[in-house]
1. If I ask for residues that are part of a loop (DSSP other than H, G, I, E, B) and among the basic types (Lys, Arg), which ones from the stretch 36-67 would you list?
2. Kindly list, by first and then second residue, each pair from a residue in the stretch 169-181 that is β-branched (Val, Ile, Thr) to a residue that is in a loop (DSSP other than H, G, I, E, B), limited to pairs with Cβ atoms under 7 Å and residues at least 6 apart or on different chains.
3. Considering (1) closer than 30 Å to Leu248 by Cβ; (2) touching a helix residue (DSSP H, G or I) at 6+ places or on another chain (Cβ under 8 Å); (3) at pLDDT 90 or above, say which one Gly67 fails and leave the rest.
4. For the stretch 303-359, which residues satisfy the criterion of being more than 14 Å from ligand 1 (Cβ to nearest atom), in contact (Cβ under 8 Å) with a residue 40 or more places away in the chain, charged (D, E, K, R) and assigned to a helix (DSSP H, G or I)?
5. Any residue at all in the stretch 338-349 that's within 26 Å of Ala152 (Cα to Cα), buried (at least 23 other Cβ atoms within 10 Å of the Cβ) and within 16 Å of ligand 2 (Cβ to nearest atom)?
6. Pick from the stretch 376-417 the residues that are closer than 26 Å to Val264 by Cβ and not in a helix (DSSP H, G or I): which of them is nearest to ligand 1 (Cβ to nearest atom)?
7. Does any residue in the stretch 372-399 that is closer than 16 Å to Ala54 by Cβ come within less than 8 Å, Cβ to Cβ, of a residue that is small (Gly, Ala, Ser) and within 11 Å of ligand 2 (Cβ to nearest atom) six or more places away or on a different chain, and which pairs are these?
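The values are calculated or read from the model by the stated rules, or taken from the named source; none is laboratory data. Keep in mind that what you see is a predicted model, and the values were worked out from it rather than measured. Cβ coordinates were reconstructed from backbone atoms using ideal geometry, including for glycine residues, and neighbour counts include every protein chain displayed.
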Amino acid sequence: MSMSKQIIFIIALLITLGVFTYTVFRLVALFKLTKKGFPVRNLGKRFNEMMKVAIGQTKIFRRPVIGLLHALVFWGFIVILIGSIEMVLDGILGTERILKALGVVYDVIIGAGDVFAFIIAIAIVVFLARRLFLHVKRFGGIEMSHWNHVDANIALSLILVLMISLLGMNTFYIQHAAAAGHEVHGVFPVSQLLAPVFSSMQVDQLFLLHEINWWVHILLIFFFANYLPYSKHFHVFLSVPNVFLTRLEPLGKMDTKENVKKEVELMMDPNAAFEESDEQEEETTRFGVLDVEDVVWKNYFDSLACTQCGRCTSVCPANITGKKLSPRKIMMDVRDRMKEKGPKMLKKGKDYSDEKALIRNYISEEELWACTTCNACAQECPININQPQLILEMRRYLVMEEAAGPGDLNAIFSNIENNGAPWQYSQEDRMLWADDLYINEK
Ligand code: SF4
Ligand code: SF4
């Protein structure tokens, strides 16, 4: 590799790393605005879940055909990533195919990458055609703006160009080596079928075309790395860690608020005040979630990792029966709200208020109370996002901070408070129903 190519590559890499580092710092600052309260324990169990759901793509296979295509794209990306690392090493060190020293292993990796590039290209064409020409219901919805569709098509098109340039690079590499009498390193099951098409070209032309494809491929990777964090395709980075961070409690289990529990225990048993508790003290300034600074960091992580696939909304009984609720929208709203309020909070301080909130300005009470807490959405989500947990936290805010639950619920809550039961009868009258029974006959 020429020295000038090496220098240009290193400059491009430094710019990429610089922009990416800025994005990471910005994201870390936004995460700091959210709440703690999701300790990451049980690493072994998490690893198993990640291998099963993320690497094994088990949930995706519930829709066999499109699931298989998506899984092949995912697995292909992992293999191709190794080839991309080699390109970066070559670019920095000025070498040519530095990993060829791996011998047979190198042949297997490069061969698999060549085949996967072809499969991914086909899959992406199918995905694009499906988005552009077929009316897939779950791709629509009130939360899906024109930009969301454009964003998805841009990302898919970029992946397609990435695969075409990879195949182009391999094809011209083989043909150039054949024309110049060089040894070929690696195996190329697909590209070797394409190479003879260019057999009439001169060595210089083949070299130039190889270089063009090499640069297009690596610069696109650099661009992609910095575009993804601002796109729905951020899940390319975050879906695997998000599955690792799965909420391990059974679906539907509500989080216990330690400070509320303590209050109730004190009411029932004043001695509890002196008992030691190993539970973490919560940093509660507000019960439940009103705005984006009330969510725990994992909720924000979920919102960034959400692929906007709509699988959750497509199984939501509330949505299916025509209610306003869409679990996908809940996740997208968290992301959008943080995008709106987060930077201003960073600038003006944590107490900054724009007189708006996640509840009502983004998510209506009607949506929140439409949830049946069936957990079908969480069950279906391919990256284990738990939407009902967040919905319940927003309901918790409405009930505990504003007493703004639906009328029937408010009546039940006051009965529990006054009578110790959901009914409107005092405790002394509880056994009245048994007065006329024969067991009470003397
Ligand atoms: S838990 Fe709520 S949001 Fe999720 S599918 Fe059921 S009704 Fe829809
Ligand atoms: S929450 Fe999960 S299922 Fe719903 S759109 Fe996002 S990734 Fe898809």
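1. Answer for the stretch 36-67, where residues must be part of a loop (DSSP other than H, G, I, E, B) and among the basic types (Lys, Arg): Lys36, Arg41, Lys59, Arg63.
2. Sorted first by the residue in the stretch 169-181, then by its partner, the pairs are Ile174/Val184; Ile174/Phe188.
3. (3)
4. Arg337, Lys341
5. yes
6. Restricting to residues being closer than 26 Å to Val264 by Cβ and not in a helix (DSSP H, G or I), the top hit is Asn386.
7. So the pair list comes out as Glu380/Ser314; Pro382/Ser239; Ile383/Ser239; Ile383/Ala305; Asn384/Ala378; Ile385/Ala305; Ile385/Ala378; Asn386/Ala378.
Here is a yes/no grid of residues against (1) modelled with pLDDT of 95 or more; (2) over 24 Å from Leu102 (Cβ atoms); (3) part of a loop (DSSP other than H, G, I, E, B):
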| site | (1), (2), (3) |
| --- | --- |
| Ala152 | no, yes, no |
| Ser165 | yes, no, no |
| Gly168 | yes, no, no |
| Thr171 | yes, no, no |
| Ala177 | no, no, no |
| His185 | no, no, yes |
| Trp215 | yes, yes, no |
